[in-house]
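Notes follow once the structure below has been shown.
The values are calculated or read from the model by the stated rules, or taken from the named source; none is laboratory data. Note that the structure is predicted; figures quoted are calculated from it, not measured. Cβ sites come from the backbone with ideal geometry, for glycine too, and all protein chains shown count toward neighbours.
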């Protein structure tokens, strides 16, 4: 699900799709999929905000049978309703912008027994990380849970990272609401895929296209170049004839006319 720049994602297991939605401060909201392809974007209108842009972007996508994941800014009753109306499920991050909901979720995990718990340990990049996912189907401690379309579960992810070099330990707890049934392993896969889309796609756009250094401000230049960057990125990612990275493929396309024509399908 995913790429509005809020982060939203779409995910389908097996042959299904996933997209992520997130926000770029210069370009507005975008929708990207798990394969790293940009699916669309929506500029935030003047005198408006991101919350009004997200539904417009979602409406432009075929979401039936997908799972949409969005960061805390997209944790709105109306947005959850839009997603369900389009035949999709959602996983929405919950933070301080929904203080009552966040407090109720914390109380729920403190007072009620989890329906499913899943744990994994990762080692690499000089650190050891333990992640514990807990899922609750009991919504009795939430105030007016019926106002959230098809709400079926609460998710808590506890992360503990030990850095071998510094000896420091970091701890983080994140909370989500979801229309999916309480399956800790599946929900963990959906949430991890969401962040994988954001990290990998943003990194490629930054390193391969220098997007973070972009200072275009005149008129619709920023939005137009953002669209062109994502079209180019999609074409480069689909090409399997070269083993170069995205930056190398861009350079090759500039120097090699037949390769450029092959990318453009002409």
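Hey, any hits in region 133-147 for a residue that's modelled with pLDDT under 95 and surrounded by 13 or more Cβ atoms within 10 Å (Cβ to Cβ)? The answer is yes; a qualifying residue exists. Give the residue that is farthest from the chain's Cα centre (by Cα), with candidates limited to residues of region 213-226 that are exposed (fewer than 13 other Cβ atoms within 10 Å of the Cβ) and more than 16 Å from residue 44 (Cα to Cα). The selected residue is 215.
What's the total number of residues in region 178-203 that are at pLDDT 80 or above, more than 16 Å from residue 68 (Cα to Cα) and in contact with a helix residue (DSSP H, G or I) (Cβ under 9 Å, 6 or more places away or on another chain)? Going through region 178-203 one residue at a time, the tally reaches 0.
Scanning region 248-259 for residues that are surrounded by 13 or more Cβ atoms within 10 Å (Cβ to Cβ) and under 31 Å from the mean Cα position of the chain (by Cα) returns 248, 249, 250, 252, 253. Here residue 210 passes the criteria (1) closer than 21 Å to residue 74 by Cβ; (2) loosely packed, with under 13 Cβ neighbours inside 10 Å except the one numbered (1). One residue stands out in region 242-252 among those that are in contact with a helix residue (DSSP H, G or I) (Cβ under 7 Å, 6 or more places away or on another chain) and over 19 Å from residue 211 (Cα atoms): the one that is modelled with the highest pLDDT, namely 252.
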